[in-house]
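What follows is one structure encoded as C-alpha cells, with my remarks underneath.
All of the numbers you see were taken from the coordinates with simple rules; none came from a lab. Everything quoted here is computed from the prediction, not taken from an experiment. We place every Cβ from the backbone using ideal geometry, glycine too, and count neighbours over all the protein chains shown.
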Amino acid sequence: MTLKELNFFIKPISKTNNRFLNFANIVALLSVVVGVIALLVSLSILNGFDNELRNTARKFTSDISVQTINGTDLIDINEKINTLNDIKEITNINPVIQTEAILSVGEHIDGISMQSIPNDIEKFALKDKIIDGNLNFSNNNNEIIIGQHLAKKLNLKIDDKILIYAIKDKEHISFSSATYGNFIVKSIYNTGMYQYDNSVVFVPIDNLKTFLEKPDNTATYLEISLQNIDKVDIICKQIDAILGYPIFSISYYDINRSIFAWIELQKQPIPLVLAIISIVAAMNIITMLIITIIEKANTIGILRTLGLNRKSILKLFIYLSVRVAFIGASLGIILSVGFAFMQNTFSLIKLDSKIYFVDLLPVEITWKYVIIVSFLSLLFSFIASLVPSIIATRISPIKAIRFK
C-alpha cells in the first residue's frame, strides 16, 4: 500500500464527530509534543551548561597549567617554553604571574587573586568579555581589570582607585615580604561565572612583576593552549615526562573538576526521564488507537468488505500512530528551537551565578539530540501501535457491520 493510498483510507478512520475521540487524539498529540520539548530542552540546557562552563574555564585557566608541586615559582621559563614548543599539539604558551592579595576600598576589605595578562592583548583570552573600559594600558600606571560582581559589591567604576596588599615571597612570609600599591580600574569584565568575576583581577604582566618584585625569566605557572582539546590528557603526560619532578601539568578539567562533576550529576537522571516520558506518550497513543478501533469498528468492517486485508489494516493503524508521533515531534522541535532562540537572543531566564555558576540559562540545541529524540519518538510510537493494530486486524467484517 502506497503513501497516497494510506492517506486516502486513513481519512474515514481518523475523522470523527465523537468529542471524546477527538479529545483522545489531542491528548496523544500533546503528550508527544510535551515529551519532545521536555527532552530536547533539558538536554540542550545541560549541553549549554557544559559548553559554557568549559569555554569559560579554559579562558581562565587555559587548556593546561604547568606549575611546581609546592607552589614555588618556575625558573628558567624561556628554556622550558622552548622545550615545550617542540610538542606539535601546543599552539601557545604564556607565562603567568599569580598571587593572592587583599583589596581595600574605603572600609571594605576583600580577598582577591591577582593574575597577569600577556603584553600582547590579543592573547588575553577574556578580551571579548570586557563590558566597560578598554584595554589600552599605559606603562607608567598600575592599571587593573576587575570582575563585574566585584565592582558592584565595592561600588567601583572606571578610573576609581583601589589599594592592594600582596606577599612578594610566599616561601618566606614576613613584614618585609609584603608589598602594597594603588591601582586604577581600567576596565570591567563579566564572564557570568560568580566564582571568577567576584575574586579574580587582571594586571599586565610587566606591571604585576614590578609590583611583586619578581625576577626576570620566572613565572608562577605556564598557560598552554592546544590545537585539539581532546588530547589534553595525552599532552599532560608528555609535559610531565619532559619537564620532570617537581614540575607537573594539570588540565582545565581537573582544575574545575567540581563544576564538571555537577554537570555529570545532572545528566544521570536523563535516561530515567526519557523512559518515563516515552512510556506516558506510548500509553496515550495506545489509548487513542483503542478508542479509535472501538469507535470505528463499523468503518473497519466496511474497509475489510471492500477488499482491504489484515496486513493493510495493520499498516493503516501503524501509519496513524506514526503520523501522530511525527506531527508531535515536529511541533516539539519547532517549539524547542524557538525557546532556545528566544533565550539566547533576549536572555529571558536569568540564574543566580552563586548557585548555578553562570548568570544566564545557557541553551544549545544540537542536531544530534534532535535526531535521537525524533527517532525515539517514532520508534516508541511504532511499538505502541502494534498491539492495537493487531486487535483491529481481528475485527470480523460481518460482526462489525451487524454491531453497527
Put +1 on the Cβ of every Lys and Arg and -1 on every Asp and Glu Cβ in the chain; which of 279, 238, 162 then has its Cα farthest towards the positive end of the dipole?
279
For the range 28-83, place one equal point scatterer on every Cα, skip the solvent, and apply the Debye formula. What is log10 of I(q)/I(0) at q = 0.14, 0.20 Å⁻¹?
-0.63, -0.85
Integer Hz, Karplus 6.51/-1.76/1.60 couplings in order for the range 63-69, x for Gly and Pro
5, 9, 10, 10, 8, 8, 5
The range 252-300: proportion of alpha-carbon pairs further apart than 14 angstrom, %
69
Column: log10 I(q)/I(0), Debye, Cα scatterers of the range 211-319, q = 0.19, 0.20, 0.22 Å⁻¹
-1.08, -1.12, -1.19
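Taking the radius of gyration and the Kirkwood hydrodynamic radius from Cα positions alone, what is the Rg/Rh ratio for the range 224-283, to two decimal places?
Values: Rg = 19.2 Å, Rh = 14.7 Å.
Answer for the range 224-283: 1.30.
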Multiply the residue gap between residue 69 and residue 242 by 0.36 nm, knock off their C-alpha separation, and tell me the result in nm, one decimal place.
60.7 nm
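In Å, the Kirkwood hydrodynamic radius of the range 1-40 over pairs of distinct alpha carbons? Before the final figure, lay out each step's value.
Details: mean 1/r = 0.0836 Å⁻¹.
Taking every pair of different Cα atoms in the range 1-40, averaging 1/r and inverting gives 12.0 Å.
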5 Å is the cut-off here: which amide hydrogens, built 1.01 Å from N in the peptide plane, fall below it relative to residue 117, excluding neighbours closer than 5 in sequence?
203, 205
Anyone know which of 218, 16, 287 comes out most mobile in the 10 Å Cα GNM of the chain?
16
Cross-link reach from residue 354 to lysines, straight Cα distance under 16 Å and at least 8 residues apart if same chain, gives 152, 153
Calculate, in whole percent, how much of the Cα-Cα pair population of the range 198-237 lies beyond 13 Å.
68
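Considering all projection directions equally, how large on average is the shadow of the alpha-carbon convex hull of the range 248-404, in square nanometres?
Numbers: hull surface 54.2 nm².
Result: 13.5 nm².
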Rg to Rh quotient for the range 76-156, alpha carbon positions, Kirkwood Rh
1.04
Report, for the range 126-241, the % of DSSP beta bridges that are antiparallel, rounded to 5.
70
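Give me the percent of Cα-Cα pairs in the range 278-330 that sit more than 14 Å apart, rounded to a whole number. List each step's numbers first, then the result.
Values: 818 of 1378 pairs.
Percentage above 14 Å: 59.
Could you work out Rg/(2.2 N^0.38 Å) for the range 9-109, with Rg from alpha carbons only? All intermediate terms of the calculation are to be shown ahead of the outcome.
Numbers: Rg = 29.7 Å, N = 101, 2.2 N^0.38 = 12.7 Å.
So the Cα radius of gyration is 2.34 times the expected 2.2 N^0.38 Å.
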Residue with peak Gaussian network fluctuation, the chain [Cα springs, cutoff 10 Å], from 258, 225, 44:
258
Among the lysines, select those whose C-alpha is under 29 Å from the C-alpha of residue 231, and discard any that sit fewer than 8 residues away in the same chain.
59, 80, 88, 123, 127, 129, 267, 368
Quick one, could you list the DSSP H helices from the chain stretching 27 Å or more along their long axis (Cα atoms) with average Kyte-Doolittle hydropathy of 1.0 or above?
270-295, 310-346, 367-393
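Starting from 0.36 nm per residue, how many nanometres of slack lie between residue 160 and residue 8 once their C-alpha separation is accounted for?
Details: separation 152, 0.36 × 152 = 54.72 nm, distance 7.59 nm.
So the extension gain works out to 47.1 nm.
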Run the numbers for residue 335 and residue 323: contour at 0.36 nm per residue of separation, minus the present Cα-Cα distance, in nm.
2.5 nm
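Calculated from DSSP H runs of 4 or more alone, at -39500 (n - 2.57) each and per residue, what is the 222 nm mean residue ellipticity of the chain, nearest 500?
Working: 15 runs with 219 residues, N = 404.
Roughly -17500 deg cm²/dmol at 222 nm, from the helical runs in the chain.
Translational D (Stokes-Einstein, µm²/s) of the range 322-393 at 10 °C and 1.306 mPa s when Rh comes from the Kirkwood sum over C-alpha pairs?
Numbers: Rh = 14.6 Å.
The estimated diffusion coefficient comes to 109 µm²/s.
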Amide H neighbours of residue 168 under 5 Å, counting only residues 5+ apart in sequence or on other chains, H built in-plane at 1.01 Å?
178, 179
Dividing the alpha-carbon Rg of the chain by 2.2 N^0.38 Å yields what?
1.47
Tell me whether the range 129-258 comes out rounded, prolate or oblate; compute the Cα gyration tensor, take square roots of the eigenvalues as a ≥ b ≥ c, and use a/c under 1.5 as the rounded threshold.
oblate
